[in-house]
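A short write-up of the structure that comes next.
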Amino acid sequence: MERDSHYILKIKELRAEEKPREKLMAYGPSSLRNYELMAIILSRGTRREGVLETAHRIMDQYHPAALEQDLTVEQVKTLYDLGEVHACQFIATLELGKRLFQKGKEIYFRTPAQVYEYLKNMTFLAKEHVRALYLDVKNRLIREEVISIGSLNSSPLHPREVVRPAILCNAAGIILAHNHPSGDPTPSPGDREITHRIMEACRLMEVELLDHIILGEERYVSLREKGAL
């Protein structure tokens, strides 16, 4: 039976290699979903919910505009239903992000080459990773997600996992990307099929699938440029 997409496993229910810290050590930070990174920051859950549940709930409710606000501990406690310690950790994370990366560093994607340059470190990964870039109407990056991590030559992917974050962050467009560990970015029939399915799901939710880019060794293929979108 398929697991409810809203159900989040507890840390103790995960295999060792699926736990956030272990994934970080094995595959690097780019392999983690946003809520998994948040789980590492929070460190522990509460009596009511596990740390993965808390982290997933925060990231579902989070909006990038929070980076532009000076939130107080009390505001964060109320907004995200957090205790004082978790609220302080959350605010510290936002503040560090603002200081190091946010100011004056907005990212725009207007060509497949720009996407390739942004994601080309994926070409060194031993497993297939699927990532999604969520853009506003000006093609400015507003959210980024690791959608799935697969075996050496495959990665399970469901259209809802791509579309759902777009709705949560009010994105106008999505750029999908994945690597071929073989180094050959030639699209497979499966790549084309899943692209079509995701495109249909995006159309239903009034979000545009702007491109699906496959990264190989020092080269890439844009399915939009190939006429597949």
Legend entry - Amide proton proximity set for N179, modelled H, under 5 Å, gap of 5+: H129, L215
Legend entry - Phi-based couplings in Hz for region 173-179 (Karplus 6.51, -1.76, 1.60; Gly and Pro marked x): x, 10, 10, 9, 8, 8, 9
Inset, instruction - Give the share of C-alpha pairs in each 5 angstrom bin for the chain, from 0 to the last occupied bin, in whole percents, shortest bins first. - result: 1, 6, 13, 17, 19, 17, 14, 8, 3, 1, 0
Inset, instruction - Report, in order of residue number, the helices in the chain meeting two criteria: a C-alpha extent of 18 Å or more along the helix axis, and a mean Kyte-Doolittle hydropathy of at least 0.0; treat each whole DSSP H run as one helix. - result: 84-97
Inset, instruction - With springs connecting C-alpha atoms under 10 Å apart, model the chain as a Gaussian network and identify which of M25, M199, M122 has the largest mean-square fluctuation. - result: M25
Inset, instruction - Would you mind checking which residues have amide H under 5 Å from I142's amide H? H placed 1.01 Å from N; only 5 or more apart, or other chain. - result: Y134, L135, D136
Legend entry - Viscosity 1.002 mPa s, 20 °C: Kirkwood-radius Stokes-Einstein D of region 88-209 over Cα pairs, µm²/s: 137
Legend entry - Anchor K19: aspartates and glutamates whose Cα lies under 14 Å away (excluding residues fewer than 8 positions away in-chain): E36, E53
Inset, instruction - Per residue of region 137-145, in order, report the coupling 6.51 cos²θ - 1.76 cosθ + 1.60 (Karplus, θ = phi - 60°) as ³J(HN,Hα) in whole Hz, putting x for Gly and Pro. - result: 5, 9, 6, 8, 5, 10, 6, 9, 9
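Can you sort S31, S222 by how many other beta carbons sit within 10 Å, fewest first?
Details: S31 18, S222 21.
With the sparsest Cβ surroundings first, the list reads S31, S222.
Sort H212, H180 so the one with the fewest other Cβ atoms within 10 Å of its own Cβ comes first.
Details: H212 28, H180 21.
Going from sparsest to densest Cβ surroundings: H180, H212.
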Legend entry - Distance violations [Cα-Cα > 28 Å] among K12/K120; K98/K127; K12/K127; K77/K120; K10/K77: K12/K120; K98/K127; K77/K120
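Here, each number is a calculation from the coordinates, and none is a lab measurement. Note that the coordinates shown come from a computational prediction; the quantities given were computed from them, not determined experimentally. Reconstructed Cβ throughout: ideal geometry from the backbone, glycine too, with neighbour counts over all protein chains shown.
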